[in-house]
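Beneath this line is the structure, given in structure tokens, with notes to follow.
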Amino acid sequence: MKKLMNDPRAVTEQAVAGFVRAHGARLRRVGTGYGVARAEPLLPGTVAVIGGGGSGHEPLHVGFVGSGALAGAVPGEIFSAPTPESILEVVQATHAGAGVLFVVGNYSGDRFNFELAAERCIALGIPARLVVVSDDVGLGSLIPADRRRGIAGMLVALKILGAAAERGDDLETLVDIGERINTNLASMGVGLRAGTSPLADVASFDLGEDEMEVGIGIHGELGRDRVPRGRADEIAELLLTEILAELGATPADTLLVFVNGMGGTPPGELALFFDSVARDLEGRGYVIGRSLVGAYVTALDMQGVSVSIARLDPELLSLWDAPVDTPVLRAP
């Protein structure tokens, strides 16, 4: 696989450096690791919402640092959790006296290191809590609900939590909102071609031309089934049937529908797939209240797509609609 890089071992360092250079009016490097923070400090008394996890999912998390979203982001090496030390460096650079909230996916390495960082924050007199996103329903009954992975739905959680912090909510209120988001959020994806790590130069798994992997994660993991590759309408029906059943969604719900590219799927195909999703939902009697389409939570250069659906109550809807200004997510 041909890639644009220099030293494969320096891909994360140079990618973060380049991203900050490209968005220098909004972002700054902090600490000795790969930490990134807003260029302008938070208002005193604002909770610092910080996201983090392994790199390879760009633009998550660094692309969502900014007003109405994250105060800072802590990437690790590719598909590896950041160290507690690098997390603490971002905390020191961003906290504004009201504590910090870490938003992480449900992976053992991320949870362990961010929990350790939270303990160290508390020892330093900085209140700290975690919201763990576990939106992936793709493995179904193969794993218990508390072990579900955090995938594209992490974007939904950090956007809403960033807006709540921006309006002045305290740490415990943010934790409550985060738990409410996670309960009303489900995602599932399919892979058409596996991604390739710069360090490995081989795909993480092999797929035939007429095959697709159902229930993929965002770290090159296999899904639960390998089936014949379907048309866009068939894939949409497969994903939506499971997501809607998991959520227990009804046509009366206000739905946020997020179609996410995995890194190697062209924008035109994502738009085409969203049309398949929208027609399927309309045929079931649902109304799409809000939508987002794009490659926001990727798995290197994997070719594939995921669908995330969130049930938004009036408060969550207002927080999703709140102004946001980051390098890759801006509204209105």
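The values are calculated or read from the model by the stated rules, or taken from the named source; none is laboratory data. Because the structure is predicted, anything quoted here is derived from the model rather than measured. Cβ: placed from backbone, ideal geometry, glycine included. Neighbour counts: every protein chain shown. The accessibility values were calculated without ligands, DNA or RNA, using every heavy atom of the protein model including side chains. Shrake-Rupley method; radii C 1.70, N 1.55, O 1.52, S 1.80 Å.
State all residues of region 87-118 that are among the aliphatic types (A, V, I, L, M) and in contact with a helix residue (DSSP H, G or I) (Cβ under 7 Å, 6 or more places away or on another chain); if no residue qualifies, say none.
Let us first name the residues in region 87-118 that are among the aliphatic types (A, V, I, L, M), namely 87-88, 90-91, 93, 96, 98, 100-101, 103-104, 116-118.
Answer for region 87-118, where residues must be among the aliphatic types (A, V, I, L, M) and in contact with a helix residue (DSSP H, G or I) (Cβ under 7 Å, 6 or more places away or on another chain): Ile87, Leu88, Val91, Ala98, Val100, Leu101, Val103, Val104, Leu116, Ala117.
Does Gly56 qualify as being more than 28 Å from Asp176 (Cβ to Cβ) and either in contact with a Phe, Trp or Tyr (Cβ under 7 Å, 6 or more places away or on another chain) or open to solvent by 10 Å² or more (accessible area, probe 1.4 Å) (or both)? If you could, list the steps in order and put the result at the bottom.
Values: more than 28 Å from Asp176 (Cβ to Cβ): yes; either in contact with a Phe, Trp or Tyr (Cβ under 7 Å, 6 or more places away or on another chain) or open to solvent by 10 Å² or more (accessible area, probe 1.4 Å) (or both): yes.
Considered against the rule, which asks whether it is more than 28 Å from Asp176 (Cβ to Cβ) and either in contact with a Phe, Trp or Tyr (Cβ under 7 Å, 6 or more places away or on another chain) or open to solvent by 10 Å² or more (accessible area, probe 1.4 Å) (or both), Gly56 comes out as yes.
On the basis of being modelled with pLDDT of 95 or more, assigned to a loop (DSSP other than H, G, I, E, B) and in contact with a Phe, Trp or Tyr (Cβ under 9 Å, 6 or more places away or on another chain), does Gly76 make the cut? Write out each step before concluding.
Values: modelled with pLDDT of 95 or more: yes; assigned to a loop (DSSP other than H, G, I, E, B): no; in contact with a Phe, Trp or Tyr (Cβ under 9 Å, 6 or more places away or on another chain): yes.
In short, no.
Only one of these is more than 18 Å from Gly72 (Cα to Cα) and surrounded by 23 or more Cβ atoms within 10 Å (Cβ to Cβ): Asp136, Asp146. Name it. Give the steps one after another, and end with the answer.
Numbers: Asp146 fails: surrounded by 23 or more Cβ atoms within 10 Å (Cβ to Cβ).
It is Asp136.
Within region 208-246, work out how many residues are open to solvent by less than 40 Å² (accessible area, probe 1.4 Å) and closer than 25 Å to Ser141 by Cβ.
16
If you check Ala271 against the conditions, is it surrounded by 20 or more Cβ atoms within 10 Å (Cβ to Cβ), within 30 Å of Pro198 (Cα to Cα) and not polar (S, T, N, Q)?
No; evaluated as a whole, the condition is false for this residue.
To keep it simple, each residue is scored yes or no on (1) of a type in the set (Lys, Arg); (2) in contact (Cβ under 8 Å) with a residue 60 or more places away in the chain.
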| position | (1), (2) |
| --- | --- |
| Glu77 | no, yes |
| Pro82 | no, no |
| Leu101 | no, yes |
| Arg120 | yes, no |
| Ala123 | no, no |
| Ile126 | no, no |
| Asp135 | no, yes |
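Please go through region 72-102 and pick out each residue that is β-branched (Val, Ile, Thr) and more than 21 Å from Phe19 (Cα to Cα).
Quick first cut of region 72-102, residues β-branched (Val, Ile, Thr) only: 74, 78, 83, 87, 90-91, 94, 100.
Across region 72-102, the qualifying residue is only Val100.
Do you know which residues across region 108-139 are more than 27 Å from Glu166 (Cβ to Cβ) and under 20 Å from the mean Cα position of the chain (by Cα)?
Matches in region 108-139: Ser108, Gly109, Phe112, Asp136, Val137, Gly138, Leu139.
So which residues in region 79-101 are in contact with a strand residue (DSSP E or B) (Cβ under 9 Å, 6 or more places away or on another chain) and not in a helix (DSSP H, G or I)?
Phe79, Ser80, Ala81, Pro82, Thr83, His95, Ala96, Ala98, Gly99, Val100, Leu101
Can you tell me which residues in region 177-196 are open to solvent by 20 Å² or more (accessible area, probe 1.4 Å) and within 19 Å of the chain's Cα centre (by Cα)?
Glu179, Arg180, Asn182, Thr183, Asn184
Quickly run through region 21-38 and pick out the residues that are outside any strand (DSSP E or B) and over 19 Å from the mean Cα position of the chain (by Cα).
Matches in region 21-38: Arg21, Ala22, His23, Gly24, Ala25, Arg26, Val30, Gly31, Thr32, Gly33.
Of the residues in region 126-137, how many are in a loop (DSSP other than H, G, I, E, B) and farther than 14 Å from Leu101 by Cα?
Here the count works out to 3.
Against the conditions (1) open to solvent by 20 Å² or more (accessible area, probe 1.4 Å); (2) in contact with a helix residue (DSSP H, G or I) (Cβ under 8 Å, 6 or more places away or on another chain), where does Val156 fall short? Just the number, please.
Val156 satisfies every listed condition except (1).
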